[in-house]
Amino acid sequence: MTENRTSGASEPGSQWYDGEAGPLVRPYAMTGGRTQPGPTGVRFDLIALVTFDLAAATLDDAAGLGPEHRTLIDLCRTETQSVAELAADADLPVGVVRVLLGDLLELGCVVISRPVPPALLPDERILREVIAGLRAL
């Protein structure tokens with residue numbers, strides 16, 4: 001049997017343990033092999049904001065949520081966070097977080113909002129003219 005030295009394995013032939021990182025869990029194991037965030041077709045941009053839905057506060061354990069789902073719920077329960085922040089704080093790949101958020105969205109646990117695109121924001125020149133007009137009053 002050969003020893004797997006490329007992943008820093010501490011045991012000969014061990015593929016599922018990394019000496020520095022600990023036990024390895026493949027991302028597809030957390031999502032059940034899924035790569036898309038559910039049948040709703042929702043796209044989770046990195047800057048999309050995720051808020052915990054207080055109506056789902058009584059969600060029971062029978063909802064089929066895994067520990068990763070619960071971690072995301074705990075992270076956004078206290079404050080609204082972006083998808084990128086959730087991925088960083090949960091120490092999960094963004095693709096996995098998107099799939100898990102799709103599950104939570106379908107269950108009604110979270111609400112997703114997107115920031116206003118810069119093209120839809122008012123022009124700075126118009127805002128300055130409004131301020132000047134208000135000062136003239």
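How charged is the neighbourhood of Leu72? Take every other residue with its Cβ under 12 Å from the Cβ of Leu72, and add Lys/Arg as +1 and Asp/Glu as -1.
Once positives and negatives cancel, what remains is -3.
Amide H of Gln81: which non-local residues (sequence gap of 5 or more, or other chain) have their own amide H closer than 5 Å, using H built in the peptide plane?
Amide H neighbours of Gln81: Val50.
Quick note: the coordinates plus some simple rules give every number you see, no bench work behind them. Predicted, not measured: the structure shown is a model, and the values here were computed from it. All Cβ positions, even for glycine, are placed from backbone atoms using ideal geometry, and neighbour counts span all protein chains on display.
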